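Shown next, in structure tokens, is the structure this report addresses.
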Amino acid sequence: MELDNLAPPRPRRRWRRAAAVTLPVALVGTFAAVAAPQAFAAEYCGGVQYNVVSTWGGGFQANVVITAGDAGLNGWDIEWDFPTGTTVSSAWNVDWSQSGGHFTGSDVGWNGSVSAGQSKEVFGFIGSGQATAPTGITVNGESCDGSEEPVEPELEVSRANVVVDAGSTTSIDVGFSAATESAATVTTARTSGSTAISVASGASLSFPAGAPATKPVTFSAAADAAPSDSATFTVSSPGFEPVQVVVTVADLGEVTQNEERFLTMYDQLAGADSPYLHETGVPYHSVEELIVEAPDYGHETTSEALSYLQWLEAAYGQVTGDWSGYNESWDITEQYAIPDLNPTNYNPSSPASYAPESGDVTDYPTQLDFNAPVGDDPLGAELRNTYGSNQVYGMHWILDVDNAYGFGECGDGTTEPAYMNTFQRGSQESTWETVAHPSCETFDFGGENGFLDLFVGDSQYSQQQRYTDAPDADARAVQVAWMAQQWAAEQGAESQISGSLDNASKMGDFLRYSFADKYFKQIAGDCIGISTCPDGSGKSSFHHLISWYYSWGAGMNGDWSFRIGGSGVHQGYQNPMAAYALSEGGLAPDSPTAAADWAASLDAQLEFLEWLQVPQGSQGAGAIAGGATNNWGGNYGTPTTSAEFEGLYYDEQPVWHDPPSNRWFGFQVWGMDRTAQLCYATGDERACGLLDEWVAWALSESEISATDYSLPGDLEWNGEPGAGLTATVSTMSKDPGVAGAFAKILAYHAAATGDTASQTAASNLLDGLWAVNDGVGVTQTEGRADYCRFGDEVYIPEGWTGTMPNGDVLENGVSFIETRSFMKEFEGWDQVQAYIDGGCTGPAPEFQYHRYWHQVEVATAFQLYASLFE
């Protein structure tokens, strides 16, 4: 399985939409110009730095650095007095309280030790009010007061992306982030765009010297202004960096509470100043860099995030009538997530060479078997005839957005974002055991054969490209396209997004590769052994379900290429809403057999979910079990289950075993959101039946009030379909992304059935989520005991050596962090290091993450609830 040449690196294209974040954000780990560090000194306290990282209208984020005196610190208590009206709303890595303006904080164990003369960032917080430094600072009861350096103010606006009705007005606040030394004048003037939008009041505002304050600027749109007309206004003041504000005409009517919440979060997420976006407009997995889950650091991204970018912009189009962002999201997807690979040679009768998988990473590389029989690819010829090329129109699943690894594009070392991969060695390979490697293998990095001979054994290796699709993300893009189509049609604007809808339809055409067995073998209950499992012909290799992946690639010289399907099928990846959209919902692809395939998939998915649902009368009745496969162990092994679905063997944890892939409740809400939407949109009895039972279970396991929520976190499974299948909730969670998706399910359920309990729970969840928006986005404090695994060994066979682009050595016995030493420079590494040095005992390091998918799930939950009930 060896993998044509990408097009030359494309020039960077700066995200052209307006700066939508209302604050001069500094990425985590840097100091903003908003406030210079202010130092205080005392005999036993070497100093305290109070660093304002970012500010926004009425709020700010800060962190605190303590420098220990000669005696050092073995535990610390810090106190100070805030300016009048300043309060802390949330904090991390500190036990804290506030009474009036007096703040008290103490260490949480792991961060209590500070050596003599050492400076350590010990905690951070979100505050409201003035961002100026506090007074009366003490550490362990001793004064740390000293000379203060002045705070550097910045010009800021409360919103930089504004919508207004034709014939109406809207206002924003402008002002300064901190006190100015002298009086200032702030002017707001249109610098480009529609003359139907103007400044109605506040074009010139005078601010006295002293404490920061804000004043309103009001924009008006003429009665004959057309929806989607927009103008850019520049807010400026001599000596300060100007700020741009974009005002767009929309048919808003009266903005409801949850629409306003959505628009506020859209400001936080969208635009050139957003900490969630690379300059190309590609979203990061998270604002924070030090995070390890499926992406192994925060400024990677996944195709999942691109599909969420499309969802955010589609929702914005529904609320405002401005569809330019949705079209732009598809431009970004095409440019950065869909590889240009178009090999001249692909033979559907010989789609790939067999490489067995193993449940143990130490068995790798596994040997390629060119003589093993494989089936025919039933899609290759049809897709080429339809679209005129051999390009696969699917998203590669992971990108190194900042090019931190240094692979670049096809070995150039510099291009960002850059295609890369991690998982390659079977179902037991966790994130902590992966070797990061480039998708375009030119042998510039790694060993003699690049990274190829870590994964597959061959007599010789050739330079190649290989890409992997995460079908869940492509299906979400189709689902969102269907929503966009409905909303735009209601506005008479469907023609504005016709090109984007065509893209989604085309993506759905290629998504059918996820229906096929990995090596196009027949889907049959006796598919055991690569040589004895019958080869597929026609569509006999189709299970018609959405599998965990499909993959494709080619050699650099173009003399060979490959494609494989996916045998492992996870319940959380099923998307009957996408199947409906691509069969009878108006997005049928151009290929002759595509609509019929998707109609068959719609039936198969619903029947599959019914088979996997825990039956009534059993513990966990309503929950959806893991999934199935016809390729046991990835090597057509002998199954250990007797439960079968249409030739597929039941698998509690399809594909991913560390951690078990169906343990996380998030896969329950991701999957059921699509079923819930299908029930609401079509009234399908199977979808509605699945939804009713699932909602009853999920609500019974959740605690949701008007002020707080707690949802299932991890699940444990026993039995199998038809033989004592049960589910038990083992942990609880406040995951905001999961809560946002759950709120959508409840909203659909309430709208479809009139169930008031579901509507009340959805409304309460949304209130609880709004309460944990810290000005950057929704976040909850989470402990990461798994970060002890930074020291886990990444298996490298004896005798194999190589290097990463930054010089990190790859050899037997190397650990995860030793292959990614750049992560030691990320904010928060100190506390992880302290946790590891302490034997991973005591409290786990805590973080507040701003994951992009979390933010979009919550923002679009506000939008959905408003569209259904407000």
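Here are a few things to note about the model shown:
- Bridgeable lysines around K539 (alpha carbons under 21 Å apart, same-chain partners fewer than 8 residues away excluded): K506, K518, K521.
- Size of region 619-773 as Cα extents on the principal axes (Å, biggest first): 50, 33, 25
- Nonlocal amide H pairs with G193, under 5 Å, H built at 1.01 Å: T232
- Two-decimal ratio, region 738-870, of alpha-carbon radius of gyration to 2.2 N^0.38 Å: 1.53
- In the chain, helices alone account for a calculated mean residue ellipticity at 222 nm of -7500 deg cm²/dmol, with every DSSP H run of four or more residues adding -39,500 (n - 2.57).
- Cross-link reach list, lysines versus K734, counting only Cα pairs under 25 Å and skipping chain neighbours closer than eight places: K744
- Cα-based equivalent ellipsoid, the chain: semi-axes from gyration tensor eigenvalues, Å: 45, 33, 27
- For region 783-838, projected area of the alpha-carbon convex hull averaged over all directions, nm²: 4.2
- For K824, the lysines whose Cα falls under 19 Å of its own Cα, not counting residues fewer than eight places away in the same chain, are K120.
- C-alpha center-to-center spacing [region 336-390, region 224-253] in angstrom: 50
- Share of alpha-carbon pairs per 5 Å distance bin for region 688-812, given as whole %: 2, 9, 14, 15, 13, 11, 9, 8, 7, 7, 5, 2, 0, 0
- Three-way shape call for region 629-680 based on the alpha-carbon gyration tensor, with the a/c threshold at 1.5: oblate
- If you look at the Cα atoms of region 155-255, you get an Rg and a Dmax of 13.9, 44 Å.
- Convex hull volume of region 57-177 per residue (C-alpha atoms, cubic angstrom): 132
- Shape call, region 236-311: gyration tensor on alpha carbons, a/c limit 1.5: oblate
- Coupling constants for region 555-571 follow from the phi torsions by the Karplus curve (6.51 cos²θ - 1.76 cosθ + 1.60, θ = phi - 60°), and in residue order they are x, 4, 7, x, 8, 8, 7, 9, 9, 9, x, x, 9, x, 10, 9, 4 Hz; glycine and proline get x.
- Distant-in-sequence amide contacts of L277, defined by a placed amide H-H separation under 5 Å and a gap of 5 or more residues or a different chain, comprise Y284.
- Across region 351-391, Cα-Cα pairs farther apart than 17 Å form 54% of the total.
- The phi-based Karplus calculation (6.51 cos²θ - 1.76 cosθ + 1.60; θ = phi - 60°) puts the 3J(HN,Hα) values of region 504-517 at 5, 4, 5, 4, x, 4, 6, 4, 4, 4, 6, 6, 9, 4 Hz, whole numbers, x for Gly and Pro.
- The C-alpha atoms of region 565-700 occupy a region whose extents along the principal axes are 41, 39, 23 Å, arranged from largest to smallest.
- Charge dipole (debye, nearest 20) of the chain; +1 at Cβ of Lys and Arg, -1 at Cβ of Asp and Glu: 1520
- Taking the empirical scaling 2.2 N^0.38 Å for compact globular proteins as reference, region 351-496 has a Cα radius of gyration ratio of 1.30.
- Phi angles across region 331-341 convert, under the Karplus curve 6.51 cos²θ - 1.76 cosθ + 1.60 with θ = phi - 60°, into 3J(HN,Hα) values of 4, 5, 4, 5, 6, 10, 10, 9, x, 7, 4 Hz, Gly and Pro given as x.
- Contact order normalised by residue count of region 783-838, Cα under 8 Å, 6+ apart, percent: 32
- Rounded Å value of the spacing that divides the Cα centres of region 530-573 and region 666-739: 30
- Between region 104-120 and region 821-860, the alpha-carbon center distance in angstrom: 18
Here, each number is a calculation from the coordinates, and none is a lab measurement. Just so you know, these numbers come straight off a predicted model, no measurement behind them. When we count neighbours, we look across all protein chains shown, and the Cβ atoms used for this are built from the backbone with ideal geometry, even at glycine.
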